[in-house]
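J.: For reference, the structure I am asking about is given below.
The values are calculated or read from the model by the stated rules, or taken from the named source; none is laboratory data. The shown structure was predicted, so the numbers you read here are calculated from the model rather than taken from an experiment. Heads up, the Cβs are rebuilt from the backbone with ideal geometry, glycines too, and the neighbour counts pull from every protein chain shown.
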Amino acid sequence: MEQDKLMTLLETAEIISREELLKKLEKSKETGQPLKVKLGLDPSAPDIHLGHTVPLRIMRAFQDLNHEVYLIIGDFTGRIGDPSEKAETRQQLTQEEVLANARTYEEQFSKILNPDKTNLVFNSSWFNEWQTEDFLQLATRYTVARMLERDDFARRYREGRPITILEFFYPLLQGYDSVAIKADIELGGMDQKFNLLVGRQLQREYGQTPQVLIMSPLLEGTDGVQKMSKSLGNYIGINEAPGQIYGKTMSIDDELLVRYFKLTTDFKTRELEKIIKEIEEGKIHPMEAKKLLARHLVAMYHGDEAAQAAEKEFENVFSRGELPSQMPEKIVQAEWLDESGEIDLISLLYKLELVESRSWGRRMLKQGAVYIDGERVKDQDTRICPKPSMIIRVGKRRFARLSVTQ
């Protein structure tokens, strides 16, 4: 049964190579020696969202088959920052920022993996022991020409944008993680393909059997276009409040329903196939399918009672036009205000974390998606004088009741 679950999860993945994977699984079964399955996490963005759960769920399936799973927290490589799909050199994080972000991963991964059977490893545990000559020796294992085969590096090189030598070290160091633990399998998203291939090549260079690569598809965010990302504001975080998860799920495009059911849910195979068939044949209305998906996701990460409460809250707020029964209180700091006690609305939305960026706040205002005490506001130059108990709503799901410091 667990083997079937694993193969179902792998249906949508790109594997290099399937033949090698089957051989490794067969050998493991014959010898009783578990495989080492690795997933690297960059602690520059600490919140785990549904996009991250796609490879994590594959890892859990290997875990249930009694293979050894390793979560590699890139606290050392995180100081460089993964340049994947970046048009500019990334700002480096401090060690304190990296460790703070890494701790949030530790708190969240147990929602998917069995923490008692998870090897959590920080890659600083080997890199901090290295001398200068060790890094130089690693640099001899890969060429600049191979690095420039990478799409983002090649694009920046053609456009005359700077690429630092340090950035070349990121895929090398991430790849060496596989050498350090002698990984049999590495998981990751499709955007990590180059980095994963570097690890495979480095294992050859160090005389190890190359790891199999299992690359999961990138999950589109709630905007239905770009990959799920906190910086784009189109994410569904597994640590978010049940009502947030439910409401965000209800906002996804109908065309993504099947994809979300396949990639993010824990329905048993036959039940999942039945649901997908009914969606594709139009036997279930998209709204009802979304409710089923939203309930299931909330239940996965917060339990059945929370799922039922989130659904009831959604019905009250969005079907009957009521305010949420539990609304977060946001404190407006006195130093934010000018001498007349006012602040421009876009800055206030950003400071209260009701929008992810000021540009996103401007878009929401332009779309007429911002309300103050039930009144729609569209003027991007609006300045307001925050008052205690003032209610601000952004979009369909973000509410705040204000309090003001003296």
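J.: When only residues in region 320-340 that are of a type in the set (Gly, Ala, Ser) and either outside any loop (DSSP other than H, G, I, E, B) or under 23 Å from ILE384 (Cα atoms) (or both) count, which is modelled with the lowest pLDDT?
T.: Once the filter is applied, the top-ranked residue is ALA334.
J.: For region 29-61: of the residues being hydroxyl-bearing (Ser, Thr, Tyr) and surrounded by fewer than 23 Cβ atoms within 10 Å (Cβ to Cβ), which is farthest from the chain's Cα centre (by Cα)?
T.: THR31
J.: Consider only pairs whose beta carbons are under 8 Å apart and that are at least six residues apart or on different chains; among these, list those whose first residue lies in region 155-184 and is in contact (Cβ under 8 Å) with a residue 40 or more places away in the chain and within 14 Å of GLN203 (Cβ to Cβ) and whose second residue is β-branched (Val, Ile, Thr) and surrounded by fewer than 19 Cβ atoms within 10 Å (Cβ to Cβ).
T.: ILE181/VAL121; ASP184/THR209
J.: Residue check: is GLU133 among the acidic types (Asp, Glu), in the same structural domain as PRO34 (by TED's automatic domain parsing) and more than 25 Å from LEU71 (Cα to Cα)?
T.: So GLU133 fits the description; yes.
J.: Here is a follow-up. Would you mind stating whether GLN244 is at pLDDT below 90 and in a helix (DSSP H, G or I)?
T.: So GLN244 passes the test.
J.: Could you please tell me which pairs satisfy a Cβ distance under 6 Å, a separation of 6+ or placement on different chains, a first residue in region 200-221 that is among the small types (Gly, Ala, Ser), and a second residue that is assigned to a helix (DSSP H, G or I) and crowded, with 20+ Cβ neighbours inside 10 Å?
T.: Qualifying pairs under 6 Å: SER216/VAL54; SER216/PRO55.
J.: Being outside any helix (DSSP H, G or I) and either outside the structural domain of PRO34 (by TED's automatic domain parsing) or loosely packed, with under 14 Cβ neighbours inside 10 Å (or both) is the filter here, so list the residues in region 109-129 that pass it.
T.: ASN114, ASN119, ASN128, GLU129
J.: What residue, of VAL37, VAL69, is within 22 Å of LEU173 (Cβ to Cβ), touching a Lys or Arg at 6+ places or on another chain (Cβ under 8 Å), modelled with pLDDT of 70 or more and in a strand (DSSP E or B)?
T.: Answer to the check: VAL69.
J.: I would also like to ask the following. Only one of these is more than 24 Å from ILE112 (Cα to Cα), assigned by TED's automatic domain parsing to the domain that holds HIS49 and surrounded by fewer than 18 Cβ atoms within 10 Å (Cβ to Cβ): ARG204, ARG200. Name it.
T.: ARG204
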